[in-house]
Amino acid sequence: MKQILLSLLLVLVFGFAYAQAQTITGKVTDATNQEGVPGVSVVVKGTTTGTITDSNGTYSLSAPSGSTLVFQLLGYKSQEIVLASQSVIDIALQSDASTLDDVVVVAYGTQQKRDITGSIASVKGSDIQNIPVPSLESAIQGRAAGVQITSGSGKVGQGINVRVRGSASLSANNQPLYVIDGIIVTANSVNANDENLNPMADINPNDIESIEVLKDAAASALYGARASNGVVLITTKKGKAGKGSVNINYSAGSGRPTRKREFLNRAEYIELYTEGMKNVGRSDAFIESRFNNRVSTTWKDPNIDTNWENLAFQNAGFQQLDINASGGNEKTRFFVGAGYIDQKGILVGNRFTRMSARLNADSKINDRLTVGASFMLAQSKNYRAQNDASFGNPLQLVAMPPMQQAYKDGELNPSTLYYNSLLDLVHGFSTAKTYRNLTSLFASYNVMKNLTFRSEVGLDILQQVEERYYGTKTAANFSQAAKGFGSYSTATIFNYMITNTLNYTKNFNDIHNVDILLGQSFQQSEEESSNVDGQIFALDDFKKIGSAATFPGGSSGGTSNNFLSYFARANYKFKDKYLASFSLRVDGSSRFGKNSRYGLFPAGSLGWIISEEDFIKDLDFISFLKLRTSFGITGNADFGDFGSFGLYGTSVYLDNAGTTPISFPNPSLGWESTQNFDMGIEIGIIKNRVNLGIDYYNKQTSDLLLNVPVPSTSGYTTLSQNIGKIRNRGIEVTINSNNLVGDFKWNTSFNIAFNRNKVLDMAGQKISYGGRTLNEAQAGQPIGILFGAKYAGVDPANGDALYYTETGTTKDYNAAFRQIIGDPNPDFIGGITNTLTYKGFDLNIFFQYVYGNDVYNAAGEFMSSNARYLDNQTKDQLNRWRKPGDITNVPQARHQRDNGSNPSSRFVYDASYLRLKTATLGYNVPKKLLDNAKLASVRIYVSGQNLLTFTKYIGWDPEVSSADPGSTTQRANIIIGQDFYTPPQARTIIFGINVGF
Amino acid sequence: MKNKYLFLIPFVGLLLTSCFNKLDEPKPQNSIKVEEALNTPDKIKKAVIGIYGNIRDGALYGGDYQMCADLLAGEFDIAWWGTFNNYENIWSKQMVADNATARTMWVFSYNTINSANKVLENIQVITDTDERNQAKGEALFLRALCHFELVRFYAQPYDASGTNAGLGIPLALKSDNFEKVKRNTIAEVYNQVVTDLLEAETLLPVSNSYFASKFRASAYLARVYLQMGNYTAARDKANDVIANGGYTLNATVTQAFTTNNSPEGIFEIQQNITQNAGQANAGLATFYGNLPTAGRGDIEITEDHLDLYEANDKRANDLIYIGDAANSPGGDVPSCGKWTDPTKNYVLMRLAEMYLIRAESNFALNTVVGATPLADINRIRNRAGLANLTTLDLDAIKTERTLELAFEGHKSHDFKRWKEDIDGKPYNHPKLVFPIPRRELDANPNLVQNAGY
């Protein structure tokens, strides 16, 4: 016995003495299929010593006995082995169903999911691969709790509204900050024509490894003055050490509009409008001449009955090809990929193509120095459909009387009530080409044990060229085109940033974990734009501006801004169960007025992993339980570059250039400040087969950068001031459940988010726009509340449209009591995904929903206005009042007289919807069959997008947001849930094949 | 030593310090700071140009000031067929309280007035007396025009026999005044307009290219006095312009609208292919024009209006045409030929109006200053290809004025002056007055809305 003890002691002593010499080898396998797993990082805990498994899953490294080896790979549960005397350690990694041990990308680093004290929604790249949409926001819609994503329309490649935990601003931008591989990228549109384009559409979603949405201050405050709207961290795919692989994916399909509306046919049109003119006392002769003059001299021809709605849509062909290769060894890893997408819109003439290439590589130069680069080059091309409000918007064709022909004698008919925008497709074009380069380079250096210095340079170059030509035959829409009109616009944003960080991590006595980050960053964004118009061309064959006889318009301009920032963060973990984190950022910006140059953005958070406590460890039922809470201050600085200046601009009179005041100075102008409180609980039950997360948050934004309305007798309409408060608070719930495990797997992911938005204070002012809009911002109400006359239906006695007054009803629109008539903000939003796999088959069914929001159809006054104008009417207008006693909601037809056509609750609808967003059925060909063909994997799939939509909304699509082109940020923030001939989403079905070599 | 890379750290530190100044680096590139905008004589003169640049906007003299006066006069002369419901509602007297045209006209007018006030408050920067007088005169002239147009649209008409103590519009006589001002009375506004124009008349030179000049101020005074029913002053100013202004009637009725700055043109908004009120969504020619090359054909001239003309009246034969813009597929839409080219000048004031003012004023006063009313009316008639009248009554003067100045922005103002019904509504009906824009009432609770809104 003594001998045994002695020898043990000897081993220990010598073990320590020769610690450096102990070599460990082994093989890491996948617990499910016992195959070697390449690319697993094997690290001696608390040190930077480590290696990566090779293509067969084997590894070899030296480590002192008594130390702990950590085996880690995304998608697997990490394992830790304490070294005794073994020299061979084989590990079978469990694939990670619970995801708790996932490494999550956080601000300036990564962190284990279980240790995170902030609120972060993660979407894996694999969930959004090969979905037939051009940009990543569409792909994550409904997948991240608390992130509301609304496509402006069914036009491809256009702007998408993203709201993380609601709108926190009235006049400044509400879109989140996008960070791709460490670079804060340009996400605001730069285009000059039509609605905003989406710069994020330059990014190929198939290149994305993961998306993290940082929602609370603990997660986002390290981005300081730009974090209030949440931060979206996008990480692109990196190579993995081990056997190289080549992957090819091809898919193709086509789309149709999710829904069509019904409009009157010729007989119905003639009946309704004849009645409408008679009702206002027009003579038969008058009616005859109106139809002759304004509709068509052949209006009586029964064979002419055009369905204009059908002409607005096309078969939206889709194809996408991605080829990528990745691989590497212990020192160097790479990922190269190329992608091409060609997606037609459902609107005639609308199309989006993108060619992109990516190279991500990093290499360990030596034990201390690692360098890497991430490089992306893309060209997106958008064949544009004109903006919703333009007669060139093909969907406005529905306004045409059915007695008018689209084609006459084989040619497009240029003589129509409104512009026959099909002419644009033949005789004109409008394109926007974007060239995008994202480059980031980094060097990471281990200054000493536990201390890493990292320096990063990021470049984001966005160059856009918009070209338009309108030929002589399009002059009906655009008189300048009578002899041909073209324009050429460019915009370039050069955005660079330099970031330096020092990171210190240390584990003390196995119970204290410390992770400290110090950093500094400088970012500058420089924008240049120019435009030239050309008019009068020899022939329509000459389309370039160089061929124009005269140049009626031209401009050039530029703007820039910069941010200088310092930041620090300390994470502390005690005994693997008590978590604390504190961060601080100082942001200075050229955008801030002289009197408020620097802002301070602190955040603190605490976490408690209760399931590590003894009193709960023994409970079989609960496998994981964490409480966390955070508080911090974030800012929003996404407003004009020179808002603090009082400015004089140019005002031209014939050939004299003069000046005119354009803004009033405010040297104290600063950021908006948001106080974020968040409290969350994460529960894993039944061995983490079911994971539940609940978050409560309260975001109070004060010092709103408000364009405060002022009397225009001052010469201005607004003053930029830091005034006003807005609050967003809500609850988010996520559930992830592995309902069935084994051969037949069934996983359900569910999320639901309730956000309550309220404008608390607007310094006694309110914002409204009048005209065709109903949205307002006013204290005590959610942003964009619909405010106006409440429609009281039709007077059965005389067919008058009625509105509510405070006490009764009136037919005088101006006398109506103005009140809240709708709320475009949803009560709750979310999604549910069911994934079923059996042997080689997998089926993924994803529903997305929005509940409790109202949409105002601003086009109702034209298309559903009981024959107010000559516009063709929706079928429901046939239910108009005709004789005393008629009970209906559609007033008497009165042509050219207002009878219920003004903006009111008559055109406000509940636009809740449940949508089968994506359904994918895939089949993985068994490995056995592939071995002969020397293929690693083959997967074939069929996928549908927007297959079903359940809604009470009567328009084309409940998912709308029709902000006018060129409208201010404030207007786009407030005019939400407005439909104005807004094209619906596409229902797309694609077939695809994915082959791995 | 691998630690040699440590030298990077101080280097980076250096980089940091150099960043501090960078926060001041970004500068606006298409604008200048207010403090640097009005500090030299040349800059003041450039700011005067800027006022013209503002007042030519489609919401002001680029179109709305004139067109709305004719739309408001209504359905007898015009059939509005376009889908711009803001205009359609003005034409059909169905304006809602936040009518978009009423809003933009108000906002742009005060914006223009503010640029004039900025000039006036910094006028001492110009040391040369003549130059200073000219700049001041131009700013006063343009400010007066805006106030005059505003009070005619947003307030009840001036009543020569009344106290005019009713609500006018706020007078903006100070720049950057964020106070919640009240509406001045109609009398106060007209008095200010007259005061500004009289001062401008004395300050301005006789000749000043196409910019404001002495006789242009006189001509506007004639128009303002006529609106006030001050026939003596109106007659004398009109007579002064006719006798001494150096303007002559064109040979044809069309020339004033086809030739920029024709001999008859007193004051015109200068336009060309690059600088104009708009060719797609704004500007007189956009709405009146009904040609494949110009206009939307939104305004159709009614048979009732056509019936007003005698046979052979060139103002009907040469200035009204059958439009054939694409949206008139039947091709039988009579359209106004005065505004057919969005790149040509918009005539605001021409000599014919001076003859009409002199005739009407002489007739009212029973005087013959300059010429008899009959001679002045016949001068206008002859030019239109019509025979002389032998006797004259007020109706004949009114008809002549209505036809000669048709669609030039006079009719509803004239009818209110004459207290004549418009589309069956009495001249002072609330629906013949624009609403104070809702955004303005929201921003300034001291403003009182007009009746009927």
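Just so you know, all these numbers are worked out from the coordinates, no wet-lab data involved. Everything quoted here is computed from the prediction, not taken from an experiment. Heads up, the Cβs are rebuilt from the backbone with ideal geometry, glycines too, and the neighbour counts pull from every protein chain shown.
Can you put A:ARG818, A:ARG772 in order of Cβ neighbours within 10 angstrom, beginning with the fewest? Mind dumping the intermediate values first?
On the way: A:ARG818 17, A:ARG772 21.
Final ranking by Cβ density, sparse to dense: A:ARG818, A:ARG772.
Sort the following peptides by mean Cβ neighbour count (other Cβ atoms within 10 Å, averaged over residues), highest first: A:756-767, A:820-831.
Numbers: A:756-767: 18.1, A:820-831: 21.5.
Going by the mean number of other Cβ atoms within 10 Å, highest first, we get A:820-831, A:756-767.
Please list, by residue number, everything in segment A:263-285 whose backbone N is under 19 Å from a paramagnetic label point 7 Å out along Cα→Cβ of A:LYS300.
A:266-275, A:277-278, A:283-285
So what's the net charge close to A:PHE847: Lys and Arg +1, Asp and Glu -1, counting the other residues with Cβ under 15 Å from its Cβ?
Values: positive: A:ARG143, A:ARG915, A:LYS917, A:ARG987; negative: A:ASP127, A:GLU959.
Charge balance near A:PHE847 sits at +2.
For a label point 7 angstrom out from the Cα of A:LYS839 toward its Cβ, which stretches of segment A:916-930 have the backbone nitrogen within less than 17 Å?
Counting backbone N atoms under 17 Å from the label point, the list is A:922-930.
Expressed in nm to one decimal, what extension gain is obtained for the pair A:LEU740 and A:ASP618 from 0.36 nm per residue of sequence separation less their Cα-Cα distance? Don't jump to the answer; show the numbers that get you there.
Details: separation 122, 0.36 × 122 = 43.92 nm, distance 2.44 nm.
Here the segment from A:LEU740 to A:ASP618 would lengthen by 41.5 nm.
With each label point set 7 Å from Cα along the Cα-Cβ vector, what nm distance links B:ALA160 and B:ALA243?
Reported label-point gap for B:ALA160 and B:ALA243 is 2.1 nm.
Taking one equal scatterer on every alpha-carbon of the protein assembly as shown, how large is log10 of I(q)/I(0) by Debye at q = 0.09 1/Å?
-1.26
FRET efficiency for A:THR25 and A:VAL465, Cβ-Cβ distance as r, R0 = 51 Å, nearest 0.05?
Values: r = 57 Å, r/R0 = 1.12.
With R0 = 51 Å, the Cβ-Cβ based efficiency is 0.35.
Angle between the Cα long axis of helix B:231-244 and the longest principal axis of chain B, 0 to 90 degrees, nearest 10?
On a 0 to 90 degree scale, this one is about 80.
Based on the Cβ-Cβ distance of A:PHE950 and A:LYS124, what FRET efficiency does E = 1/(1 + (r/R0)^6) give at R0 = 30 Å, to the nearest 0.05? All intermediate terms of the calculation are to be shown ahead of the outcome.
Details: r = 27 Å, r/R0 = 0.91.
The formula returns an efficiency of 0.65 here.
In degrees, nearest 10, range 0 to 90: what is the angle between the Cα axis of helix A:2-17 and the longest Cα principal axis of chain A?
50 degrees
Among A:SER374, A:SER283, A:SER60, which comes first, second and so on when ranked by fewest other beta-carbon atoms within 10 Å?
Arranged by neighbour count, lowest to highest, A:SER374, A:SER283, A:SER60 become A:SER283, A:SER60, A:SER374.
Multiply the residue gap between A:GLN112 and A:GLU288 by 0.36 nm, knock off their C-alpha separation, and tell me the result in nm, one decimal place.
On the way: separation 176, 0.36 × 176 = 63.36 nm, distance 7.65 nm.
Contour length minus the Cα-Cα distance gives 55.7 nm.
How far apart, in nanometres, would the label points at A:ASN307 and A:GLN379 be if each is projected 7 angstrom from Cα along the Cα-to-Cβ direction?
Here the modelled spin labels are 3.9 nm apart.
Restricting to DSSP H runs of at least four residues, report the calculated mean residue ellipticity at 222 nm for chain B, -39500 (n - 2.57) per run over all residues, nearest 500 deg cm²/dmol. Before the final figure, lay out each step's value.
Working: 18 runs with 206 residues, N = 453.
Helix contribution divided over all residues of chain B: -14000 deg cm²/dmol.
Order of B:GLU360, B:GLU131, A:GLU466, A:GLU527 from fewest to most other C-beta atoms within 10 Å? Kindly include the intermediate steps, with their values, before the conclusion.
Details: B:GLU360 26, B:GLU131 14, A:GLU466 23, A:GLU527 20.
Fewest to most other Cβ atoms nearby, the residues stand as B:GLU131, A:GLU527, A:GLU466, B:GLU360.
Over the alpha carbons of segment A:250-377, what is the largest minus smallest coordinate on each principal axis, giving the biggest first in Å?
Largest to smallest, the principal-axis extents are 94, 26, 22 Å.
Can you tell me the FRET efficiency between A:MET355 and A:ALA538 if r is taken as the Cβ-Cβ distance and R0 is 25 Å, rounded to the nearest 0.05? Before the final figure, lay out each step's value.
Working: r = 33 Å, r/R0 = 1.34.
With a Förster radius of 25 Å, E is 0.15.
In whole percent, what relative contact order does chain B give with Cα contacts below 8 Å and a gap of six or more residues? Spell out each step's value before the answer.
Numbers: 784 pairs, mean separation 88.2, N = 453.
Relative contact order, chain B: 19 percent.
With n ≥ 4 as the cut-off for DSSP H runs, can you work out [θ] at 222 nm for chain A, using -39500 (n - 2.57) per run divided by the number of residues, rounded to the nearest 500? Provide the component values of the computation, followed by the final result.
Working: 11 runs with 75 residues, N = 997.
The helix contribution divided over chain A gives -2000 deg cm²/dmol.
Be a star and scan segment A:251-268 for residues whose amide nitrogen sits under 13 Å from the point 7 Å along the Cα-to-Cβ vector of A:LEU321.
A:251-252
Can you give the local net charge around A:SER356? Use residues other than it whose beta-carbon is closer than 13 angstrom to its beta-carbon, Lys and Arg +1, Asp and Glu -1.
On the way: positive: A:LYS237, A:ARG354, A:ARG358, A:LYS381, A:ARG436; negative: A:ASP202, A:ASP207, A:ASP322, A:ASP342.
Taking every Cβ under 13 Å from that of A:SER356, the sum is +1.
Length gain on complete extension for the stretch B:LYS425 to B:GLN255, per 0.36 nm per residue less the alpha carbon to alpha carbon distance?
Separation in residues times 0.36 nm, less the Cα-Cα distance, equals 57.7 nm.
Under 8 Å for C-alpha pairs, at least 6 residues apart: give me the relative contact order for chain A, rounded to a whole percent. If you can, show how the numbers build up before the last one.
Working: 2948 pairs, mean separation 116.9, N = 997.
Relative contact order for chain A comes out at 12 percent.
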